[in-house]
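**Student:** Please see the structure below; I have some questions.
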Amino acid sequence: MSSEAKGNPPLTLLFALAYCLSFNILPSIGMGVVCGPCKMYDETSDTCICNDADPPQNRHSNFVEPRGERRKLVNENIRLLGLFDTDNWDWGEELFNYTMSMINDPNDGWQDDILGNDTAFIEWEVKNSACDGTTASRAYWAYRTEHDDTPPHGLVGCRCSSASISSANVAGLEGVVQVSPASTAKELGDRAEYPFFARTVASNLFFSKAIVATLRGLDWDRVSVLQTDTPFSTGLSIDFQQLWTGEHDDASGIWEGEIAYSHSIVINRDDTVNEESAEKALKGVPTDDPINNSRVILLIAHDQHAFSVLKTAVEMNFQPDTIWIGVDAWSNAYPRDMDEFMSLFPADAHPGYLGITPYLNKNDDKSNFLPTLQEAQNRDGKMPWPELPHHSAVQMVDSILALVMALVATPPGDRRDGNVVMSRLLDLDLDGVGGRVRFTPNGDREDPRYSLFNFRRASEGDHATW
């Protein structure tokens, strides 16, 4: 196991075991009789009926009353927990809520038959995992505590690998299957360590191959690497450099990959970039040694960190002709303050930003999903999104779909058995919003494909687009 995995699990496991002991939790927990808000179970009618003594705010704030003729059989309900970085994915909770509402609606024209005959409806909740393991573990156990010491049937999340590693360790103790839309750390593909984890993105190993293919497609053989000191960035940097350096003989010819410069940038405890560290990293680039320098810099960082580093580079007037290569964590994304960011550039500037992201197939399912989402947003008085806000938004919807389909395909009595649910998940062949979704035996996205984006200033105005 890598240093990333070694750093979190011991504390996480101790934390989890402490909770288990304090709540007298057994690994196998039976299905209880739980109804939605203002509901109580009535044995005579075998349904949930109104219970005015239980106000809605006490339980299941995202409960959705099923429409149509579905029976409200409480032991057939599925509970999902969405666990991700709600601060930096500020669109995430809205998308998760609408996706779940649309899944529960059999008449909106999108995935109307997904719940089949054995599932009445799905209850869900979203919690903030931030981008660290401790917050993720606490959020999972907070959900558990708030729901009568009962875990969810499935977990969608997290965004960052460190958070997913931690939550996978904790949820895995109870056999809760987890599907991440964004965590790419290579070690999460180890089924022995993470038997109930899967993801709708490929691991860093495959993404590293995509970076190499992009650089070689542009006939580059020397690159500098700047990464933040997060587990995601450190792991991807190591994977890439191992694939890149040395002599190669492949479809692009005989070549030797060189790393001109490599440096790690410190992230502060409040999840901001340490400016002194960023400046030190940029000043260390051998710009005064053209023979050994590289204009091409691979920046491995999450979006909230990447744009901060890029801003510092502009303010320092760092190597203006740099070609920045972005990884999927910040490619096809935008800085929080776009106007401030673009104001740093002269009107005639053409900063070179290339980004690599998972390939997005605009298939029929996406064509059906987006109008249905926009209609729901309109109905609620919200401004409809012209497009999904980020490529990870597509992966989030597909992660939800995959997990729901796996749970629905599992007999109700086996939905607490992670091995059974995981088996159903790995058997899926899903035509998702972002294209075909299949999983390898270790839970990784099978046959990943990638797109190349160019971040450029619009022909008019002070804004830019990918």
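The values are calculated or read from the model by the stated rules, or taken from the named source; none is laboratory data. This structure is a prediction, so every number in the text was calculated from the model and none was measured. Backbone-built Cβ (ideal geometry, glycine too); neighbour counts: all protein chains shown. SASA here: full protein model, heavy atoms, side chains in, ligands and nucleic acids out. Shrake-Rupley method; radii C 1.70, N 1.55, O 1.52, S 1.80 Å.
**Student:** Tally Lys and Arg at +1 and Asp and Glu at -1 over the other residues with C-beta under 10 Å from the C-beta of Gly246: what net charge comes out?
**Tutor:** It works out to a net charge of -3.
**Student:** Rank-order 241-248, 141-148, 95-102 by packing density, defined as the average count of other C-beta atoms within 10 Å over each peptide's residues, highest first. Numbers along the way, then the final one.
**Tutor:** Details: 241-248: 14.1, 141-148: 16.2, 95-102: 22.0.
Output ranking for 241-248, 141-148, 95-102: 95-102, 141-148, 241-248.
**Student:** With a 10 Å radius around each residue's Cβ, average the other Cβ atoms per peptide and rank 447-455, 380-388, 125-133, highest first.
**Tutor:** 125-133, 447-455, 380-388
**Student:** Simple spin-label model, 7 Å along Cα-to-Cβ: Asp249 to Lys283 in nm?
**Tutor:** 4.6
**Student:** Let me ask another. Quick one: accessible area per residue over segment 224-310, 1.4 Å probe, rounded to a whole number of Å²?
**Tutor:** 47
**Student:** If I model a spin label at Arg449 and Asp270 as a point 7 Å from the Cα along the Cα→Cβ vector, what separation in nanometres do I get?
**Tutor:** 4.4
**Student:** What nm value, rounded to one decimal, do you get for the distance between Asn368 and Asp90 when each label is placed 7 Å out toward the C-beta?
**Tutor:** 3.3
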